[in-house]
Amino acid sequence: MPQSLANILVHTIFSTKDRQPFLHDPDLREELHRYLSGILIQLSCPPLAVGGVADHVHLLFSLSRTCEPAQVVKELKRGSSIWLKTKAPTLQEFAWQSGYGMFSIGFSQIETVRAYIAKQEEHHRAVSFQEEYRDFLRRYEIQYDERYVWD
């Protein structure tokens with residue numbers, strides 16, 4: 001086959017370091033989501049949805065066939081950290097957690113995941129980030145050690 005094609009859809013989640021609510025300002029959060037989308041576009045990983053709350057983000061995107069998942073997350077965190085630190089003196093200590101979760105989804109799940117990401121504020125009135133993340137790990141049958149999931 002002379003042409004390489006792929007449509008690998010992933011739902012990626014990562015938190016601020018120690019789940020600090022650095023992103024409590026809705027305007028800043030919205031601007032961050034656009035910035036993260038821009039990074040994904042630059043990496044040829046088209047964003048399908050970006051959202052989150054004060055202490056974490058969710059990204060749904062198509063992983064480019066030429067990108068390594070860890071490298072995409074590294075660029076998202078690096079670029080957005082640098083950018084966020086320029087936004088306000090209170091963000092000088094901003095950092096993302098060192099880890100992340102990346103979960104594959106099927107094409108038929110796009111709208112469900114988009115809706116889930118869009119309703120994060122409502123969702124987190126009842127469920128903490130830790131509960132949400134543990135649920136993803138269980139659903140995707142990922143073995144983990146509680147001592148090393150949080151930083």
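Just checking, does region 128-143 include any residue being at positive phi, over 15 Å from the mean Cα position of the chain (by Cα) and surrounded by fewer than 14 Cβ atoms within 10 Å (Cβ to Cβ)?
Pass one, region 128-143, residues at positive phi: 141.
Keeping just the survivors that are over 15 Å from the mean Cα position of the chain (by Cα) gives 141.
Next, only the ones that are surrounded by fewer than 14 Cβ atoms within 10 Å (Cβ to Cβ) stay: 141.
There is at least one residue in region 128-143 that is at positive phi, over 15 Å from the mean Cα position of the chain (by Cα) and surrounded by fewer than 14 Cβ atoms within 10 Å (Cβ to Cβ).
Would region 112-130 turn up any residue that is assigned to a loop (DSSP other than H, G, I, E, B), β-branched (Val, Ile, Thr) and farther than 23 Å from residue 8 by Cα? Yes, region 112-130 has at least one match. Of all the listed residues (55, 18), the sole one being under 13 Å from the mean Cα position of the chain (by Cα), touching a residue at least 60 places away in the same chain (Cβ under 8 Å) and under 27 Å from residue 151 (Cβ atoms) is 55.
In region 110-123, what count of residues is obtained for those that are in contact (Cβ under 8 Å) with a residue 60 or more places away in the chain and of a type outside the set (A, V, I, L, M)? It would help to see each step written out before you state the result.
First pass over region 110-123, keeping only residues in contact (Cβ under 8 Å) with a residue 60 or more places away in the chain: 110, 113-114, 117-118, 120-121.
From the residues that got through so far, the ones that are of a type outside the set (A, V, I, L, M) too are 114, 120-121.
Residues flagged as in contact (Cβ under 8 Å) with a residue 60 or more places away in the chain and of a type outside the set (A, V, I, L, M) within region 110-123 amount to 3.
For region 75-121, taking the residues that are within 14 Å of the chain's Cα centre (by Cα) and of a type in the set (D, E, K, R), the one that is surrounded by the most Cβ atoms within 10 Å (Cβ to Cβ) is identified as 77.
Residues in region 58-106 that are over 26 Å from residue 130 (Cβ atoms), in contact (Cβ under 8 Å) with a residue 60 or more places away in the chain and touching a Ser or Thr at 6+ places or on another chain (Cβ under 9 Å): 65 alone.
Checking the conditions here, which among 43, 23 is touching an Asp or Glu at 6+ places or on another chain (Cβ under 9 Å), farther than 23 Å from residue 125 by Cβ and surrounded by 13 or more Cβ atoms within 10 Å (Cβ to Cβ)? Can you show your working first?
Working: 23 fails: farther than 23 Å from residue 125 by Cβ.
The unique qualifying residue is 43.
If I filter region 1-20 down to residues being closer than 23 Å to residue 128 by Cβ and of a type in the set (S, T, N, Q), which single residue comes out as surrounded by the fewest Cβ atoms within 10 Å (Cβ to Cβ)? Taking the candidates together, the pick is 20. Say we look at region 56-74 and pick out the residues that are farther than 16 Å from residue 30 by Cβ and in contact with a strand residue (DSSP E or B) (Cβ under 8 Å, 6 or more places away or on another chain); which of these is surrounded by the fewest Cβ atoms within 10 Å (Cβ to Cβ)? That would be 65.
Just one residue in the set 82, 142, 110, 105 is among the hydrophobic types (A, V, I, L, M, F, W, C) and under 22 Å from residue 26 (Cα atoms); that residue is 82.
Determine if region 101-108 includes at least one residue that is modelled with pLDDT of 95 or more and either assigned to a helix (DSSP H, G or I) or at positive phi (or both).
Of all residues in region 101-108, those modelled with pLDDT of 95 or more come to 101-108.
Remaining after also requiring either assigned to a helix (DSSP H, G or I) or at positive phi (or both): 107-108.
Yes.
The values are calculated or read from the model by the stated rules, or taken from the named source; none is laboratory data. Since we're looking at a predicted model, the values are computed, not measured. Positions of Cβ are generated from backbone atoms using ideal geometry, with glycine treated the same way; all protein chains shown enter the neighbour counts.
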